[in-house]
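So the structure is just underneath, and the comments pick up after that.
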Amino acid sequence: MDLSNLKPAVGSTQSRKRIGRGQGSGYGGTSTRGHKGAKSRSGYSRKVGFEGGQMPLYRLLPKFGFHNINRIDYVGINIDTLEKIAERFNTKDITVELLQEKHIVSKNEKVKILGRGELNSVLNVTVHAISKNAKSIIESKGGVVTII
């Protein structure tokens, strides 16, 4: 056996359907497209949401709601979670870079500290936003809050 007599396994390959090459091929005439209509024409493409001429669902339903393009979405992290993070990674400084490095928040997310839970250690926190309650809790324990 050498490279000159290699062949694929029997039945593993098939010749492609050559449509539109005369009646004798079995695929001439309508070229497997059926008779008449838009789908049989060349260049046909159905519009997204087209329902055969019936009024499409997206036009039947009323518009509602409001999307504020100026909204800033924050990832909320509570004080009790900060406490656990500080203990787990043995640090007193909680920064956005640390949270990103430890995969707690993703690269483009903004972080806001919220006030649920109790704090037992002194933490220095550097984040994008913080609630009044959380700020007072951190500062009452002797910590420092810095807003980016």
Among residues other than residue 96 whose Cβ falls under 12 Å from its Cβ, what is the net charge (Lys/Arg +1, Asp/Glu -1)?
0
Under a cut-off of 18 Å between alpha-carbon atoms, report the lysines in cross-link reach of residue 84, not counting same-chain residues fewer than 8 places apart.
92, 102, 112, 135, 141
Determine, from the Cβ-Cβ distance of residue 46 and residue 71 and an R0 of 35 Å, the FRET efficiency 1/(1 + (r/R0)^6), rounded to the nearest 0.05.
0.45
Taking Cα atoms, the helix 79-88 axis meets the longest principal axis of the chain at an angle in degrees (rounded to 10) of 90 degrees
Sequence-distant lysines (8 or more away, or on other chains) whose Cα lies within less than 25 Å of residue 63
47
In units of 2.2 N^0.38 Å, the Cα radius of gyration of the chain is 2.22
Ordered by packing density, taken as the mean number of other Cβ atoms within 10 Å over each peptide's residues, highest first, how do 110-120, 58-68 rank?
110-120, 58-68
For residue 17, counting only lysines whose alpha-carbon sits under 22 Å away and dropping same-chain residues fewer than eight positions off, the answer is 7, 36, 39
Quick check on the chain: helices-only [θ] at 222 nm, where DSSP H runs of length 4 and up contribute -39,500 (n - 2.57) each and the sum goes over total residues. Nearest 500, please.
-5000 deg cm²/dmol
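Where does the charge balance sit around residue 75 when Lys and Arg score +1, Asp and Glu -1, over other residues with C-beta under 9 Å from its C-beta?
In short, 0.
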Rounded, prolate or oblate: which fits the stretch 72-148 when a ≥ b ≥ c are the square roots of the eigenvalues of the alpha-carbon gyration tensor, with rounded for a/c under 1.5 and prolate only if a/b beats b/c?
oblate
Would you mind counting up the charge near residue 131? Only other residues with Cβ under 13 Å from its Cβ, with Lys and Arg at +1 and Asp and Glu at -1.
+3
Cα gyration tensor category, rounded, prolate or oblate, for the stretch 12-81 with a/c compared to 1.5
oblate
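Values quoted throughout were computed directly from the atomic coordinates according to the rules given, and no laboratory measurement underlies them. Just so it is clear, the structure is predicted and the values come from calculations on it, not from any experiment. Glycine also receives a Cβ, built like all others from the backbone with ideal geometry; neighbour counts cover every protein chain displayed.
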